Each structure stands twice: as C-alpha cells, then as structure tokens.
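Just below is one structure, and these are the notes that go with it.
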Amino acid sequence: MKRITLTTLLIAIFCFAVTAGGYQVRLQGQKQTGMALVGSPLSFGASNIFYNPAGLSFMKTKFSISAGVSAIMSNIAFQKEGSSDVFRSDNPLSTPFYLYGAGKIGDNFTIGLGIYTPYGSSTSWEEKNEDGIPWPGKYLIQEISFFSVFIQPTIAYKINDKLSIGAGFIYAYGKVSLNRALNYNEDSKVELEGTSGNIGFNAGIQFRPTEKLSLGVDYRSRIGMEVKDGDATFTVPTMVSGLIPKENKFDAELPLPANLDIGIAYQVSEKLLLALEVNWVQWSTYEELSFTFKEEGDILNSTSKKAYKDSWITRLGGQYTLNEKFDFRLGVYYDPSPVDEDYFNPETVSLNTIAWTAGVSYRPVEKLSIDLSFAQLNGLKADKKLLDEQGNDTFSGTYNVLTNIPGIGISYNF
C-alpha cells in the first residue's frame, strides 16, 4: 500500500509538465496566436525564430524585434463518479512570454536570438468546495507548477527568392514544484522540487513558389529533461518516519516531445490572407516514467507505464488588413488529448479541445506594431478514470475545462 501511494505521488510531478492541454504552450507570437497559432508558412518577423526559422529570410525589413506576454486563466471542474459534488480548481495566473531579435547580414543570411516559454502552467485545487466538502483528490494532487525557459540562437539562409532554410540551437531550462497530502494523518504531506536543463534544436524550410503562395515545414526536436538530485520533503507521523526520510533526493527524466509542423498560406487578395497548418506532436515517446531515490530506494523507486499517443492538431486561421493601421485575425483549431484513457490524473487535465482565436494589430507609426490576441480553449466534457498497477479503478469522474488566454505584444521593424 505504501509503495502504491508513493508511486502515485511521484507520477504527479512530471505528468503535468508534458500534457498538451495543460500546457504545451505555443503562445510564442501574438500575430500567430490570433490565427489559430499557425506559424510555419508565415513570415511575421523575429517571432519566426520559434515558429519556423526559415521565415526570417523573408523579413521585409533589415531588423526585427518582438516581445509579448499572455495570461493563462484556466478553470477546471470535476464531479466524482457516483456523487453530485463538484470541485473546482483555483489556479494561479500563468504568464508565458517571449522576446526575439533578428537582423539580416548581407543578402542571404539572417541571425537571431529568442527567449521563450513553450512549457509551463499551474494547477491548484480548492481545499474544499462550496459545500465545505474536502477535495477528494488531495492524495493525488493539491498544487503543482511547472516553468520552463528556452534560449535559441538562430540562423537562416535564403537560397534564392523562393526558398529558405533555417535552424536554431535550443538550451532548455525547467523548474517544477508539487504539493499534495499523504493519507497517514491530516498533517501529512509531501513537497517535491526539481530543476533540469538540456539541449535540442529547431529547424525549418519555407518555399514560396508564387507571390501569393507559401509553404512551410518546421521540426522542433525531442528534449529529454533529466532532474538530478531533486528535493523531496516529507511530513509524516512518527510511526512511518523510520521508513520515509524527511529530506531526500531523487532523479527522474521525461521527454518534451518533438513537433513537426506543416503549413500552407495563401494571399487570397491584397487584404485577405488564409493559412492552414497541421501539427504532429510525438507524445508516443512518453512510454513510462521512472524515479530513483538516493535513500530508501527499495521502498520509493518506481516505474509507471504512461503509453501516451501521438496527437494531430489541425489549425485554420486568417488575417484581414483593413488599412495601413489595422490588421484583424481569426482562427480555430482542434487539439486531441494524448493522455491514455486508463491513466488520467487530476493534475493532467488534458481533454479533447476545440479552440477559437482572435487578434488585432495596430500600427500607430510606420515601424511599430501593437499586437493583441485572445484564445479560448474549450475542453470537451468527458468521463475519465485512473487505474493503479493492478488495474483497479482508483479515481474516476467527469471533467470539464475552460481556458481564456488574452495576450499583448509589440513588434518593431526597421
């Protein structure tokens, strides 16, 4: 029983970090966000460092700077199976950001640097619902947060007027923390904290066979985030303190999945631009999760099957240029959950999601653009279950998620 309890606890810390709906954050450019987060076939200046480095070659100006931030406001509702009680999350505000700069060197080369946050969010369940009933999932998760920063120096090469290639080296840094109750007594709990860093790459190609048509392919590599000597602090009663050290260290590793983006954009008229993109998120690399502890490893070490599946996200977006001052954008996309139906945790509330987006850019002067975006993610209501190692149903219920994400950015091109 102790081993099962601790295994469930440890799974929680990293499942959250990799879930697509909660969140693999593609909010790395407000203009792209307004168009359903389509980016691979477009060239919107320095923000192409994330979406497709090859697009840097098609910048219309010599230099481009872009910065922005979004606010993720997520609300989760859960109704336990066989009960009418509803419990809600009380999530803190998450604020993914980006900062890019790019400049042309001669006629063919463009270099740039991006700092952005493609993974990260927070989930916090209320201790009691409106009727004063304690949160039944407190032994699985009470609060968890994950934060990551990617640093990407980038170079693009324009082969000719129609074709460009680009690539960037990525250094990824992540930090995660978790707090949950233990079922020994009311005061029992555990706090886990860890950091990780590793490298990867982002590479793309963009082809423009005509003035109106643009095709783009971008690949962001898998990055294995390995925690070494993470801190585990246990608060437990005296009767089990001899088995579980108050202070401990642990190692663990999880994959941040590779992404393949394929898109097409068409300038329908002087004012209207339409774009379609498909993202292949290779979650199937996340087969299992293992933990190794420095002390009492025979009791605490664990390996858990995850069996995530790849997901295909379809995005459709458009931009309408009203005049020299204003651009307006709309988009819609469908994001299926990669989580296995038998291993659905309340800290990994990733449902099949339908989202719509909108955006506007205002240019008060010729070189400056103020970019606003908004995305609403509707997680489709679904019944989910969590099985233990023996196949027993341990936590089942109905989940519903609504997420609102406003964003603001500025772009300066000169």
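In plain terms, the residue of 247, 253 with the fewest other Cβ atoms within 10 Å comes first and the most crowded comes last, giving 247, 253. Ignoring lysines fewer than eight residues from residue 128 along the same chain, the ones with Cα atoms less than 30 angstrom from its Cα are 2, 80, 138, 175, 189, 246, 306, 381, 384, 385. Rounded, prolate or oblate: pick one for region 260-414, where a ≥ b ≥ c are the square roots of the eigenvalues of its C-alpha gyration tensor, a/c under 1.5 means rounded, and failing that, prolate if a/b is larger than b/c, else oblate. Taking the square roots of the gyration eigenvalues as a ≥ b ≥ c, region 260-414 is prolate. Each Cα pair under 8 Å and six or more residues apart adds its separation to the average, and for region 2-413 the resulting relative contact order is 19 percent. Working note: 222 nm ellipticity from helices only, DSSP H runs with n ≥ 4, each -39,500 (n - 2.57), summed and divided by the residues of the chain, gives -2000 deg cm²/dmol to the nearest 500. Only lysines eight or more places from residue 104 in sequence, or on another chain, were considered; those with a Cα closer than 20 Å are 60, 62, 158, 162, 367. Whole angstrom only: what separates the Cα centroid of region 47-97 from the Cα centroid of region 126-171? For region 47-97 versus region 126-171, the Cα centre distance is 8 Å.
Each of (1) 27, 52, 19, 2; (2) 24, 49, 23, 3; (3) 18, 36, 28, 13, 4, 0 is a candidate for P(r) over Cα pairs in 20 Å bins from 0, in percent; the one calculated from this structure is (1). Against the chain, whose longest principal axis comes from its Cα atoms, helix 2-18 is set at around 10 degrees.
Here, each number is a calculation from the coordinates, and none is a lab measurement. Fair warning: this is a prediction, and the values are worked out from it, not measured in the lab. Positions of Cβ are backbone-derived with ideal geometry, glycine not excepted, and every protein chain shown enters the neighbour counts.
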